[in-house]
2 protein chains.
Amino acid sequence: MEKVDLAEKLARIPDHWNPRVVAELNGQQVKLVKLLGPFTWHHHEAEDELFLVVRGRLRLELLDRAVELDPGQLFVVPRGVEHRPVADEEVHVLLFEPAGTVNTGNVREARTRDALERI
Amino acid sequence: MEKVDLAEKLARIPDHWNPRVVAELNGQQVKLVKLLGPFTWHHHEAEDELFLVVRGRLRLELLDRAVELDPGQLFVVPRGVEHRPVADEEVHVLLFEPAGTVNTGNVREARTRDALERI
C-alpha cells in the first residue's frame, strides 16, 4: 500500500517494449512501458487491453484503421482484435490488463516478455 | 472501440461524487469522477479500488494514516480497507475497479450511486 508516481516510475525504465508492473488489483495489473518504433502485429486471445498515453503520441494500428492517442487519451483493444502499436517518437504508456497478459499476445519473438519486473 | 479523451469526458461532468463509466474491459470499469469535500468512511468487501489523480490533490484517509495524491499519482485501496477520500479543493479522479463496485461500499447514504451513467 504505497502510492505510485507514474513519472518517477517511468524515469526508472531504460529500455523500450519491456513493460514493468507498478500495481496489481483484482487480478489485473497496471504496467508502464516506453515504446519506440513499430511493434509486432498480434492479438490477445482472452484479454482486453487498455492503453493510456502518458507522454508522446501513440498510433494504434488496427486492421481497418489507425487510432492516434495523445497524452490523457485511452483506448481499449478488445480480445481477439489484431493490433500493432507504433511510436514514431518515444511514447510513455500505461497499460491495464489481466495479470499474465503477454505483450506480444499470440506471437512469440525477440521482444516477447513473459516474466515482468516490478518497480 | 472509440478512443476516450479524459479531459473531454471530465468537462461533461457537472457534479461531484457521481462517477461516470468511460470504458469497460475484463469485467472491470474505468470511471471518472469529480470530488469536492469529505466523502464517507467505507470499505469494499470484495473489490480493490484504484485511484489515479488527473487534476488537483486528493487526500485518501486510511485508519492509520493519510495518502496525498497529486496528478499522475495512483494508489490502490485493497478490499476490506476502510478509507475516506477528501478533496479540500476540487479533484478529478480516474477510478479502476470491478464493474458493479458501489462508490460508498458497505455504507448506504445520499451519495450512494448504484446505476452509473456511461459517457
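Yes or no: B:THR40 surrounded by 15 or more Cβ atoms within 10 Å (Cβ to Cβ), polar (S, T, N, Q) and within 10 Å of chain A (Cβ to nearest Cβ)? No: the conditions fail for B:THR40.
Whether any residue in segment B:86-97 is within 14 Å of chain A (Cβ to nearest Cβ), more than 25 Å from B:LYS3 (Cα to Cα), in contact with a strand residue (DSSP E or B) (Cβ under 6 Å, 6 or more places away or on another chain) and of a type in the set (Val, Ile, Thr) is what I want to check. Scanning segment B:86-97, I find no residue that is within 14 Å of chain A (Cβ to nearest Cβ), more than 25 Å from B:LYS3 (Cα to Cα), in contact with a strand residue (DSSP E or B) (Cβ under 6 Å, 6 or more places away or on another chain) and of a type in the set (Val, Ile, Thr), so the answer is no.
Which residues, taken from segment B:40-56, are under 15 Å from B:ARG84 (Cβ atoms), part of a loop (DSSP other than H, G, I, E, B) and of a type outside the set (Phe, Trp, Tyr)? Walk me through it before giving the result.
Of the residues in segment B:40-56, the ones under 15 Å from B:ARG84 (Cβ atoms) are B:40-44, B:49, B:51.
Still in the list and also part of a loop (DSSP other than H, G, I, E, B): B:40-41, B:43-44.
Result: B:THR40, B:HIS43, B:HIS44.
The lone criterion from (1) within 14 Å of chain B (Cβ to nearest Cβ); (2) among the aliphatic types (A, V, I, L, M); (3) in contact (Cβ under 8 Å) with a residue 60 or more places away in the chain left unmet by A:ILE13 is number (1). Taking residues in segment B:103-119 that are small (Gly, Ala, Ser), and partners anywhere that are surrounded by 14 or more Cβ atoms within 10 Å (Cβ to Cβ), the pairs with Cβ atoms closer than 8 Å and at least 6 places apart or on different chains are B:GLY105/B:HIS42; B:GLY105/B:HIS43; B:GLY105/B:HIS44. B:LYS34 versus (1) among the basic types (Lys, Arg); (2) within 12 Å of the chain's Cα centre (by Cα); (3) not in a strand (DSSP E or B): which is the lone unmet condition? Failed condition: (3).
Scanning segment A:62-85 for residues that are in a strand (DSSP E or B), among the hydrophobic types (A, V, I, L, M, F, W, C) and within 9 Å of another protein chain (Cβ to nearest Cβ) yields A:LEU62, A:VAL67, A:LEU69, A:LEU74, A:PHE75, A:VAL76, A:VAL77.
The numbers here are math on the coordinates, done by the rules we state, and not lab data. Remember, it's a predicted structure, so these values are computed and weren't measured experimentally. Here the Cβ is made from the backbone with ideal geometry for all residues, glycine too, and neighbour counts use every protein chain on show.
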